[in-house]
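The next block holds one structure in the form of structure tokens; read it before the comments.
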Amino acid sequence: MSGAGAPDAVGGAVLAVTPGAGAGVVGARQRQELAQLPLVQLRERRRVLRTEIDTVAHWQRLVRARRDIVAAQVVGVRELSIPLEAASDGGPLDVHAAADLAAHGLTEPASGLRELLAGGPAPAALGVVLERLAAAQDRLSGYEGALRAELAAATDVL
């Protein structure tokens, strides 16, 4: 889909963007449409686009984090341990171990972390979950590119 869609909150037409060929490219017709908008509508359009870009970035972080957790369930995670050979007596690691860990009743920096990774999908489904998360990342990246192109076009008109 390209071209005008439903009117937005300030009376302008919302450009619909479809991922795939041409997504992220704003043509002369769209630029002309933007140039005809009153300044207040153009600014509102930019505000809406920036807000949506922020939302996409948040979803990208969530998907990336979920992929990391699923991958950790598949391949495991190296245990954290205070590197005694790198810790100096009274240095930052020593102070952290004595103060921060002890204040939480812990003896190791990794205490309780493994339990946070538990409870995910069954091992047989992990590959499918990883594929779905990778596809979601691709879709979000394409959508973000289209949003950024729209924002750039609106900014150019200003």
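Computed values, structure above
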read-out: Which numbered condition L116 fails, given (1) within 16 Å of A149 (Cβ to Cβ); (2) part of a helix (DSSP H, G or I); (3) modelled with pLDDT under 70; (4) among the hydrophobic types (A, V, I, L, M, F, W, C); value: (1)
read-out: Close pairs (7 angstrom Cβ cut-off, 6 or more residues apart or separate chains): closer than 10 Å to V70 by Cα in the range 121-133, modelled with pLDDT under 75 anywhere; value: V129/P121
read-out: Filter pass, D94 being at pLDDT below 75, over 28 Å from E144 (Cβ atoms), of a type outside the set (A, V, I, L, M) and surrounded by 13 or more Cβ atoms within 10 Å (Cβ to Cβ); value: yes
read-out: Among (1) loosely packed, with under 13 Cβ neighbours inside 10 Å; (2) at pLDDT below 75, the one test that P121 misses; value: (1)
read-out: The range 122-157, residues that are closer than 30 Å to G27 by Cα and of a type outside the set (A, V, I, L, M, F, W, C); value: Q137, D138, R139, S141, G142, Y143, E144, G145, R148, E150, T155, D156
read-out: In the range 77-89, the residues that are modelled with pLDDT of 75 or more and loosely packed, with under 10 Cβ neighbours inside 10 Å; value: R78, D89
read-out: So Q41, is it surrounded by fewer than 12 Cβ atoms within 10 Å (Cβ to Cβ), more than 21 Å from R139 (Cβ to Cβ), among the polar types (S, T, N, Q) and at pLDDT 50 or above; value: no
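The values are calculated or read from the model by the stated rules, or taken from the named source; none is laboratory data. The structure displayed is predicted, hence computed values, not measured ones. A quick note on method: Cβ atoms are made from the backbone with ideal geometry, for glycine too, and the neighbour counts reach across all protein chains shown.
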